[in-house]
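The values are calculated or read from the model by the stated rules, or taken from the named source; none is laboratory data. Here the structure is a predicted model, which is why all the values come from computation and not from measurement. Cβ placement follows ideal geometry from the backbone for every residue including glycine, while neighbour counts extend to all protein chains displayed. Heavy atoms of the whole protein, side chains included, go into the accessibility calculation; ligands, DNA and RNA do not. Shrake-Rupley method; radii C 1.70, N 1.55, O 1.52, S 1.80 Å.
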Amino acid sequence: MRGIFRWALGIGLILTAAAGRAQAPPAPRLVRILLEEYRFVPDRVTLKAGETVRLELVNTGTVTHQFRSEIFRGIDVFIRTAGFDVRSERVEVIWIRPRAAAVVEFARRTPGEYRFWCSERTDGVLHRELGMEGRFVVIP
């Protein structure tokens, strides 16, 4: 009888450990966007509604760029860049200096298309007008 009890107890511990692992949230999906003069690479990113995204914005250019997107409106966003970390529900713009990067974590639950663009100017011309814009497509 003790052998059966030990076996059942062992199975119970294994099942409990397996259940604990199954409940752990998945790791954020890594998406990297390069900010070049004057474009984003890639300029179209497809995401699944509700998935947590770790967006790495890397400025490979020689001028400061801005990253603005409708996808951040009304959701909790965590930003990490040189010198500070911030969590906010109101993200308007992220400035990224040349050869620097920023990391943004978020989850958008509403399917749809969300634009992103650079609103910085060089010689009076918006980078967006030079082609620096793109889209997130969030699918169900």
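Ligands, DNA and RNA excluded, the heavy atoms of Arg121 present near 140 Å² of accessible surface to a 1.4 Å solvent probe. Pop the C-beta distance of Arg32 and Val63 into the FRET formula with R0 = 22 Å and round what comes out to the nearest 0.05. Efficiency computed from Cβ-Cβ geometry: 0.65. Shown in residue order for segment 98-110 are the 3J(HN,Hα) couplings computed by the Karplus curve 6.51 cos²θ - 1.76 cosθ + 1.60 at θ = phi - 60°: x, 6, 10, 9, 9, 10, 10, 10, 7, 9, 9, 8, 9 Hz (x for Gly and Pro). In this structure, the amide hydrogen of Glu51, modeled 1.01 Å from its nitrogen in the peptide plane, lies closer than 5 angstrom to those of Arg108, counting only residues at least 5 positions away or on a different chain. Rg ratio for segment 28-140: its Cα radius of gyration over 2.2 N^0.38 Å, N being its residue count, equals 1.00.
May I ask you to work out the translational diffusion coefficient for segment 63-117 at 37 °C, viscosity 0.692 mPa s, via Stokes-Einstein with Rh from the Kirkwood sum over Cα pairs, reported in whole µm²/s?
The calculation lands on 276 µm²/s.
Of the GluC sites (Glu not before Pro) in segment 70-140, the ones in a loop by DSSP (not H, G, I, E or B) with at most 12 other beta carbons within 10 Å are Glu89, Glu92. Entry comment: accessible area of segment 51-140 is 53 Å² per residue, from protein heavy atoms only and a probe of 1.4 Å.
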